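Since the structure comes first, as structure tokens, the remarks are kept for the end.
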Amino acid sequence: MYSSKLFIKSAVLLLLTGCSLTTKDIKNGYLASYSNLTTLADENTGYHQRWVSRDISRKLAPFEPESVYIAPVIYYPQLQHHEQIDHQAATKLQRYLDMRMKYIVSQYFPISPVKGENVMVIEPAITAVKISLEDLSPLEVIPFRAVISAVNLSLGGRDRDVEIRLETKIKNGLNDKLLATSVLGGQGLQIENSSEKLSLSHLTQLIESWCFAWDQQLKAYKQRLDENA
């Protein structure tokens with residue numbers, strides 16, 4: 001019992017002395033490589049990293065899909081239990097991302113129901129959701145768990161910052177060759193206290209900013225393909 005209390009006290013002390021982990025620090029293996037990513041944006045409210053292969057970036061005869069297959073958004077690793085994130089909210093977040101990605105892509109390419117020749121495959125995954133005390137270190141990173149129940153009890157009334165990370169693999173549907181990868185992360189709206197649960201409304205504004213970036217990138221890519229036609 002004494003050792004257990006000592007461990008909790010040590011964890012609380014660590015949290016309150018400024019040692020923090022952000023979603024930008026997470027490299028959990030969904031992407032085969034993180035070292036080749038180029039940072040396109042890095043601000044207090046979010047970041048965007050990307051790698052693009054020569055098959056996409058070359059000026060002459062870049063990969064030109066006839067359609068795009070978008071795999072359902074997954075949690076990687078599997079989402080684990082958190083008092084402020086229930087299954088319903090987690091599922092709504094997946095479905096909203098699915099819907100918005102398909103809508104934006106459909107403005108430039110037909111959506112394919114299957115992988116195959118001349119099909120671009122997009123495989124997105126939510127790889128972390130962080131809920132942390134405002135102006136303090138993280139309480140917990142999901143899917144990565146921490147022992148923080150004592151902190152919840154003592155600091156339950158404080159606002160919580162919300163951060164999410166989305167990693168995406170883009171492949172050639174014929175042979176699964178990797179064409180591009182991206183990492184998006186950013187902050188949603190704050191959760192007011194320890195009893196309020198995360199909802200889609202906390203993250204909608206952030207996701208819509210990602211949608212704008214996706215739209216601009218796809219628009220530029222389609223224009224380049226049309227110029228080469």
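The values are calculated or read from the model by the stated rules, or taken from the named source; none is laboratory data. Not measured: the values here are computed from a predicted model. Please note: Cβ atoms are built from the backbone with ideal geometry, for glycine as well, and neighbour counts cover all protein chains shown.
Key figures
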| quantity | calculated |
| --- | --- |
| All positions within the range 49-81 that are in contact with a Ser or Thr (Cβ under 7 Å, 6 or more places away or on another chain) and under 19 Å from Ile104 (Cβ atoms) | Arg50, Ser67, Val68, Tyr69 |
| Top-ranked residue in the range 38-49 [being in contact with a helix residue (DSSP H, G or I) (Cβ under 9 Å, 6 or more places away or on another chain) and of a type outside the set (Val, Ile, Thr); ranked as modelled with the lowest pLDDT] | Asp42 |
| Subset of the range 181-213 (residues that are assigned to a helix (DSSP H, G or I) and of a type in the set (D, E, K, R)) | Glu208 |
| Val105 surrounded by 14 or more Cβ atoms within 10 Å (Cβ to Cβ) and within 18 Å of Lys219 (Cβ to Cβ) | yes |
| Scope the range 51-76; condition under 15 Å from Glu123 (Cβ atoms) and either within 15 Å of the chain's Cα centre (by Cα) or surrounded by fewer than 17 Cβ atoms within 10 Å (Cβ to Cβ) (or both); matching residues | Ala71, Pro72, Val73, Ile74, Tyr75, Tyr76 |
| Verdict on Val119 being modelled with pLDDT of 70 or more, over 19 Å from Ile26 (Cβ atoms) and over 20 Å from the mean Cα position of the chain (by Cα) | yes |
| Test: Ser35 is modelled with pLDDT of 95 or more and either of a type in the set (Ser, Thr, Tyr) or under 18 Å from Leu218 (Cα atoms) (or both) | no |
| Those residues of the range 192-204 which are over 18 Å from Thr91 (Cβ atoms) and either modelled with pLDDT of 95 or more or surrounded by 18 or more Cβ atoms within 10 Å (Cβ to Cβ) (or both), in sequence order | Ser194 |
| Single condition Ile111 does not satisfy, out of (1) among the β-branched types (Val, Ile, Thr); (2) modelled with pLDDT of 50 or more; (3) surrounded by 15 or more Cβ atoms within 10 Å (Cβ to Cβ) | (3) |
| Restricting the range 77-101 to residues that are out of contact with any helix residue (DSSP H, G or I) (no Cβ under 8 Å at 6 or more places or on another chain), part of a helix (DSSP H, G or I) and among the hydrophobic types (A, V, I, L, M, F, W, C), the residue that is surrounded by the most Cβ atoms within 10 Å (Cβ to Cβ) | Ala90 |
